[in-house]
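Quick notes on the structure that follows.
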Amino acid sequence: MDISLSDFEDWKKSDSLVKGWILSTLEDDVLRHVAYFKTAEQVWSVLKKLFGHPFIDIPETELNDEAGKNLSRYLPLHKAALSGDWEKAKSFIEREEPQAFRAIITGFSETALIVSARSVQRNYFSKKLVELMSPEDLAIKGRLGLTALHVAAAVGNAELSKLLVDKNPDLPNIRDNADFLALHLAAINVQRNTVTYLLTYIAVSLLHRFPKLAWGDPCPLLALAVNRSAFPSGARIKFWQRFIGPLMQTLHPGLRKFFEILVPQVKLIGDKRLIYHQAVDLVKFICLEVLKLDIPKAITSIGLPLRIATQLGTHEVVEAILEIFPGAIFLKSEKNESVFHLAILYRQANVYNLVYQVEDSTHMVLATPDILMNNGLHCAARVEDHQRLNLMATATGAALQMQRELQWFKEVEKFMLPQDKQQKNTEGRTPGMVFIETHAELIKKGEIVDER
């Protein structure tokens with residue numbers, strides 16, 4: 001399988017971030033075993049060898065004798081939890097014991113929720129239990145000190161993890177008998193989506209506790225702006241995946257469960273949607289904290305992240321920033337380039353359309369020149385070095401790219417006045433001249449440029 005340089009760089013940044021956060025949560029005696037490994041996967045593998053899987057090889061001495069006395073009493077509830085049969089569990093609770101949902105029902109001091117949390121297919125059952133339980137009930141530990149969140153995280157159940165954390169925000173901070181957080185178990189068992197969700201949640205929690213982190217150094221907003229894979233725009237989501245998530249939410253839980261079993265990708269899409277929502281919420285929270293600063297500090301905090309997000313096409317970050325700071329649309333780079341100019345220059349259609357919808361005075365913004373007297377149409381005509389490599393990839397690709405370049409140029413041209421189209425930059429070149437010069441290599445390869 002061919003892997004592009006951009007794919008590798010995205011993975012490298014994501015992997016470094018995950019590895020760094022994992023290491024930051026480990027105690028010193030554990031950290032010394034894994035600190036020198038290069039990738040998150042290597043760290044996870046060593047942790048798994050050191051501590052093993054949390055749900056196997058449990059010695060008989062760990063059995064809870066007191067709990068064992070109630071095994072027969074709670075057997076119907078235990079079976080219902082294993083099969084995910086909520087109707088049977090509900091009937092038992094209503095008929096036998098109203099507080100059975102928080103009772104210890106196995107020899108390992110487990111509640112029905114801990115039992116059901118081991119399988120994503122039992123999430124409807126787990127959800128109904130969570131509705132009955134108090135936040136304190138969700139923190140009940142099994143014999144090994146495992147909460148339901150530990151269990152859900154270890155098996156990669158991001159949906160249930162979010163449900164639990166929403167009701168009891170302190171759950172991610174609870175450690176088991178081995179001094180592990182739920183995050184550690186997710187990492188050890190290589191549950192990347194759940195790791196990402198918990199890391200993002202922890203980041204949000206830290207910002208709520210220490211708001212000054214929102215505008216400190218290093219800048220968290222900048223870190224999010226460059227992490228494209230945390231948002232749908234950088235996740236290379238296929239067309240059908242964009243609407244399958246919302247559609248699944250409208251289905252009856254039983255039917256949704258059927259689809260998740262039949263098509264495993266459906267669950268994966270649901271997990272990713274949780275992560276995307278968390279990332280957007282994190283950006284908005286940071287922006288709200290930055291809003292409390294004086295104007296110079298606020299501009300410093302959002303200026304660079306806004307420009308980077310625009311260049312990379314992370315329109316979710318751009319939209320969140322402009323929602324809190326509408327005036328940021330007029331911020332300029334050191335070259336006097338606005339967000340609009342950068343979106344055009346880097347061919348980021350989603351950001352371009354977003355800014356176009358926000359700002360009514362499109363022509364005024366586009367006509368404003370940068371320090372080299374390039375207006376918006378000059379930007380549409382230019383080709384940056386990294387774009388040139390893509391344009392020249394293949395003959396067939398070049399023909400298609402040339403067509404797209406012309407379409408892009410004409411789209412921007414619609415908003416320009418006649419005098420703007422003839423405006424010369426400091427090199428004495430009009431937008432049309434710049435277009436022909438920067439696309440000369442394509443023309444030499446035999447491509448036909450339509451008359452403009």
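Observations, loosely collected:
- G145, sole failed condition from (1) part of a helix (DSSP H, G or I); (2) surrounded by fewer than 23 Cβ atoms within 10 Å (Cβ to Cβ): (1)
- Among the residues of the range 285-324, just one is within 14 Å of A223 (Cα to Cα) and among the basic types (K, R), namely R307.
- Residue match in the range 313-322 (condition: of a type outside the set (S, T, Y), without any contact (Cβ under 8 Å) to a residue 40 or more places away in the chain and more than 30 Å from V165 (Cβ to Cβ)): no
- Helices (runs of 4 or more DSSP H) (entirely within the range 310-383) containing at least 3 residues that are buried (at least 20 other Cβ atoms within 10 Å of the Cβ): 315-324, 339-345, 349-358, 376-381
- From E136, E131, E94, residue being under 28 Å from L206 (Cα atoms), free of Cβ contacts under 8 Å to residues at least 24 places away in the same chain, surrounded by fewer than 24 Cβ atoms within 10 Å (Cβ to Cβ) and in the same structural domain as Y74 (by TED's automatic domain parsing): E131
- Candidates L149, L163, L144, L185, filtered to the one that is at pLDDT below 90 and under 21 Å from the mean Cα position of the chain (by Cα): L185
- The single condition among (1) assigned to a loop (DSSP other than H, G, I, E, B); (2) surrounded by 20 or more Cβ atoms within 10 Å (Cβ to Cβ) that H150 does not satisfy is (1).
- Test: residue in the range 410-433 that is modelled with pLDDT under 95, touching a Cys at 6+ places or on another chain (Cβ under 8 Å) and closer than 28 Å to F330 by Cβ: yes
- L77 passes every criterion in (1) surrounded by fewer than 19 Cβ atoms within 10 Å (Cβ to Cβ); (2) of a type in the set (A, V, I, L, M, F, W, C); (3) assigned to a helix (DSSP H, G or I) apart from (1).
The values are calculated or read from the model by the stated rules, or taken from the named source; none is laboratory data. If you're wondering where the values come from, they're calculated on a predicted model, not measured in any experiment. Reconstructed Cβ throughout: ideal geometry from the backbone, glycine too, with neighbour counts over all protein chains shown.
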